[in-house]
Structure formats: C-alpha cells, structure tokens
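Notes to accompany the following structure.
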Amino acid sequence: MFSYRHAFHAGNHADVLKHTVLIAALQHLTEKDAALTVLDTHAGAGLYRLDGDYASTSGEAADGIARLFAPTTPALAPALQAYVDMVAAFNQGNTLRVYPGSPFITQRLLRSHDKLKLFELHPTDLRSLAGNVAQLEAGRQVAVLHEDGFEGIKKFLPPPARRALVLCDPSYEIKSDYAKVLDMAADSLKRFATGTYAFWYPIIPRPEAHDLPRRLKTLATKAGKSWLHATLTVKSSKITETVTGDTKRPGLPASGMFLINPPYTLKAALKAALPQMTELLAQDKHATHTLESGG
Ligand code: SAM
C-alpha cells in the first residue's frame with residue numbers, strides 16, 4: 001500500500017518545525033476552559049524509538065531534535081524550549097531514545113475534557129499507534145480510527161464545543177495528497193469556519209508542492225480568514241554529482257506549516273523561535289526561514 005514510514009524521519013528538521021508550531025498552538029488553545037477537539041488526520045505510530053532499526057538507519061533525528069538536545073545549545077526562545085521540554089519529558093536525562101509524534105505531543109497538552117481523534121491508514125503504523133495509545137489509559141479521550149483522515153474528519157466538524165484544531169500532516173508520497181489537502185481545507189471551512197487548521201507540506205521541486213501554500217492562502221483570503229505561513233530551509237535543494245559521476249539527492253531540504261485561523265500569539269512566538277531553529281539546524285549556507293501572515 002504505502003512505503004512511507006514516519007519512523008525513518010522521526011525527529012528530523014521538519015518534525016522540529018511542525019511540532020514546535022503544534023505545541024505553541026495547543027498551549028494557546030488550551031488556555032480557555034471550553035473543551036477542545038483535536039483531529040490528527042495522519043497520525044503515524046505516535047511514538048518512535050530513536051535507537052531502533054528505522055531511525056538509526058536514516059539518522060534524520062541527528063540533524064533535527066538531537067542538535068537541540070546538545071549540551072552546548074544556547075538559551076532557547078520559549079516556543080523552541082517548550083518543544084525541547086516536551087521531547088525531554090519522554091526521555092531520561094540528556095539521552096535521546098524516544099521521539100513523540102503528534103498524537104503523544106497533543107495528548108500531553110490536553111485537559112481531561114478535551115478530545116483527540118487519530119486517523120491512520122497504514123496497518124503497521126495503526127497497530128503501533130493503537131498499542132502505544134492503549135498504554136496511555138486515556139479512555140474515551142483518545143480515539144484511534146483506521147480511516148482515511150481526509151474523509152474521516154468530516155463527521156467531527158463542527159465539534160460539540162465548537163473549538164477544534166485540525167493537524168493535517170500527510171506524507172505526500174502520492175501526488176494526489178496535495179489536491180486532497182486543498183479539498184479538505186475548503187470542505188472543513190464550510191463545515192466549521194472558526195476552527196484552527198494546520199497543514200504541513202514539503203518544500204521540494206514539484207509544482208504541486210510549490211502551489212499548495214499559494215492555494216491555501218487564496219482559500220483563506222477568499223473565506224475572510226486569517227492565516228500564518230512559516231517555512232524552514234536547512235540546506236540547498238540542488239542535486240549534486242559525486243566523484244564517481246552518480247547524482248546525489250539532498251534529501252528533504254525544507255518544509256512549511258500553513259495555518260488558517262492561527263492563534264494570535266503564534267506569529268510572535270515563531271518570530272523569536274525561527275531564527276534560532278535555522279541557526280541550530282542549518283546544514284549549509286542556504287539555511288533560512290520565512291514567516292508571513294495575512295487576513
Ligand atoms: N503526524 C505524525 C507526527 O507528526 O508524528 C506523522 C504522520 S506521517 C508524516 C503520515 C502518516 O499518514 C503515515 O503514518 C501514513 O501511514 C499515514 N497515512 C497516509 N495516508 C493516510 C490517509 N489518507 N489517512 C490517514 N493516514 C494516512
């Protein structure tokens with residue numbers, strides 16, 4: 001079915017951006033008493049071993065979360081510190097063995113009256129997710145659904161207390177994911193116009209990836225909704241040639257988070273965190289970030 005497995009990438013630079021934004025958004029959204037529903041359309045396995053077969057094969061966390069865990073790390077901006085503290089809470093001391101995915105990060109920040117719905121299609125990840133979630137003993141607060149997240153969230157919008165965060169984090173392995181994200185965003189805004197929607201996407205040389213944030217911006221603007229767009233680049237996207245004449249692909253060089261109806265505190269939080277994130281995660285001189293908002 002799918003070959004993408006998040007375990008290979010857990011804790012990489014894209015996760016640092018995505019999960020820093022997720023935590024900052026949730027911290028704000030859980031300040032009000034009213035119940036919050038979080039819909040995680042592409043949940044993954046929930047928890048990852050960084051010393052396991054998958055992660056140690058790719059070692060992507062070494063150039064992601066591990067750089068923020070280093071003893072020489074300077075004082076961090078509050079949003080970045082909150083992210084590091086979150087990952088630290090799943091580990092002992094300074095040793096990084098476990099990386100929490102979006103389901104576990106979210107669950108830690110929810111109150112007992114909030115709800116979390118997790119969608120996962122891959123049977124192996126679903127099994128790991130269900131097993132990991134069972135150990136939380138969170139009862140009916142957390143639901144694991146073996147469903148297509150793009151479609152599955154429809155039945156939960158609008159949520160009972162009319163407060164929701166939707167995290168949409170596909171692997172974009174299938175080209176049609178880009179169009180599905182846009183369809184889901186348009187449909188969700190019709191069902192629940194005041195929800196907070198957060199979309200992660202890869203910045204790769206592919207027209208659909210380039211168009212996605214532009215189209216989300218148009219959608220939000222036409223709907224009269226505020227938006228926030230943050231990107232993080234850690235290296236050049238140029239394909240290079242090795243001494244033997246083979247071509248070398250750089251791996252994921254950059255990614256972005258696009259939010260519709262973002263918490264009003266998020267821009268300032270990211271403005272302080274993004275320059276540090278860029279500096280600490282830079283792999284070459286092309287490392288940079290952007291932050292824009294509108295509406
Ligand atoms: N959100 C997770 C996190 O931050 O820890 C990582 C998710 S990973 C990028 C994407 C996941 O979506 C994979 O585990 C994949 O199996 C799953 N998936 C792919 N298509 C899906 C779909 N249509 N609905 C639900 N899950 C899907």
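The values are calculated or read from the model by the stated rules, or taken from the named source; none is laboratory data. Computed from a predicted model, the values in this text were never measured in an experiment. Note that each Cβ is placed from the backbone with ideal geometry, even for glycine, and that neighbours are counted across all protein chains shown. Protein only, heavy atoms only, side chains kept; ligands, DNA and RNA dropped before computing areas. Shrake-Rupley method; radii C 1.70, N 1.55, O 1.52, S 1.80 Å.
For the structure I just gave you, tell me whether residue 180 is crowded, with 17+ Cβ neighbours inside 10 Å, under 20 Å from the mean Cα position of the chain (by Cα) and among the basic types (Lys, Arg).
The answer is yes for residue 180.
Can you tell me how many residues within the range 226-241 are at pLDDT 95 or above and surrounded by fewer than 19 Cβ atoms within 10 Å (Cβ to Cβ)?
Result for the range 226-241: 1.
I'd like to check something: does the range 271-285 contain any residue that is assigned to a loop (DSSP other than H, G, I, E, B), farther than 21 Å from residue 8 by Cα and β-branched (Val, Ile, Thr)?
Within the range 271-285, not a single residue is assigned to a loop (DSSP other than H, G, I, E, B), farther than 21 Å from residue 8 by Cα and β-branched (Val, Ile, Thr).
Taking the conditions exactly as written (open to solvent by less than 40 Å² (accessible area, probe 1.4 Å), within 12 Å of the ligand (Cβ to nearest atom) and among the charged types (D, E, K, R)), does residue 148 satisfy them or not?
On the way: open to solvent by less than 40 Å² (accessible area, probe 1.4 Å): no; within 12 Å of the ligand (Cβ to nearest atom): yes; among the charged types (D, E, K, R): yes.
Against the criterion (open to solvent by less than 40 Å² (accessible area, probe 1.4 Å), within 12 Å of the ligand (Cβ to nearest atom) and among the charged types (D, E, K, R)), residue 148 does not qualify.
Note down all Cβ pairs under 8 Å where the first residue falls in the range 54-70 and is more than 18 Å from residue 92 (Cβ to Cβ) and of a type in the set (Phe, Trp, Tyr), the second is modelled with pLDDT under 90 and in a helix (DSSP H, G or I), and they're at least six residues apart or on different chains.
Close Cβ pairs satisfying both conditions: 54/7; 54/8.
Does residue 6 meet the test of being within 16 Å of the ligand (Cβ to nearest atom), under 23 Å from residue 265 (Cβ atoms) and open to solvent by less than 40 Å² (accessible area, probe 1.4 Å)?
Against the criterion (within 16 Å of the ligand (Cβ to nearest atom), under 23 Å from residue 265 (Cβ atoms) and open to solvent by less than 40 Å² (accessible area, probe 1.4 Å)), residue 6 does not qualify.
List the number of the failed condition for residue 200; all other conditions in (1) of a type outside the set (S, T, N, Q); (2) within 12 Å of the ligand (Cβ to nearest atom); (3) over 17 Å from the mean Cα position of the chain (by Cα); (4) buried (at least 19 other Cβ atoms within 10 Å of the Cβ) hold.
Here residue 200 clears every test but (3).
Of all the residues that make up the range 236-262, how many are in a loop (DSSP other than H, G, I, E, B) and either among the basic types (Lys, Arg) or under 29 Å from residue 199 (Cα atoms) (or both)?
Of the residues in the range 236-262, the ones in a loop (DSSP other than H, G, I, E, B) are 236-239, 242-246, 249-253, 261-262.
Of the ones still in play, those that are also either among the basic types (Lys, Arg) or under 29 Å from residue 199 (Cα atoms) (or both) are 236-239, 249-253, 261-262.
Qualifying residue count for the region: 11.
How about the range 78-123: which of its residues are of a type in the set (Gly, Ala, Ser) and either over 19 Å from the mean Cα position of the chain (by Cα) or open to solvent by 40 Å² or more (accessible area, probe 1.4 Å) (or both)?
89, 93, 112
Can you name the condition, by its number, that residue 45 falls short on among (1) part of a loop (DSSP other than H, G, I, E, B); (2) within 14 Å of the ligand (Cβ to nearest atom); (3) surrounded by fewer than 17 Cβ atoms within 10 Å (Cβ to Cβ)?
If we test residue 45 against (1) part of a loop (DSSP other than H, G, I, E, B); (2) within 14 Å of the ligand (Cβ to nearest atom); (3) surrounded by fewer than 17 Cβ atoms within 10 Å (Cβ to Cβ), just (3) comes out false.
Check the range 22-40 and report whether any residue there is open to solvent by less than 20 Å² (accessible area, probe 1.4 Å), in a helix (DSSP H, G or I), within 11 Å of the ligand (Cβ to nearest atom) and not aromatic (Phe, Trp, Tyr).
There is at least one residue in the range 22-40 that is open to solvent by less than 20 Å² (accessible area, probe 1.4 Å), in a helix (DSSP H, G or I), within 11 Å of the ligand (Cβ to nearest atom) and not aromatic (Phe, Trp, Tyr).
Which residue pairs have Cβ atoms under 7 Å apart, sit 6 or more places apart or on different chains, and have a first residue in the range 171-188 that is within 19 Å of residue 157 (Cβ to Cβ) and a second that is of a type in the set (Ser, Thr, Tyr) and crowded, with 20+ Cβ neighbours inside 10 Å?
185/197; 188/197
When you go through 194, 221 one by one, which is the residue that is among the polar types (S, T, N, Q), in a helix (DSSP H, G or I) and open to solvent by 30 Å² or more (accessible area, probe 1.4 Å)?
Numbers: 194 fails: in a helix (DSSP H, G or I).
Result of the check over 194, 221: 221.
Taking residue 194 and the conditions (1) out of contact with any Cys (no Cβ under 8 Å at 6 or more places or on another chain); (2) within 16 Å of the ligand (Cβ to nearest atom); (3) over 22 Å from residue 64 (Cβ atoms); (4) β-branched (Val, Ile, Thr), which numbered condition does it fall short on, given that it satisfies the others?
(2)
Go through the range 82-138 and report how many residues are in a loop (DSSP other than H, G, I, E, B) and either closer than 28 Å to residue 158 by Cα or of a type in the set (Gly, Ala, Ser) (or both).
Qualifying residue count, the range 82-138: 14.
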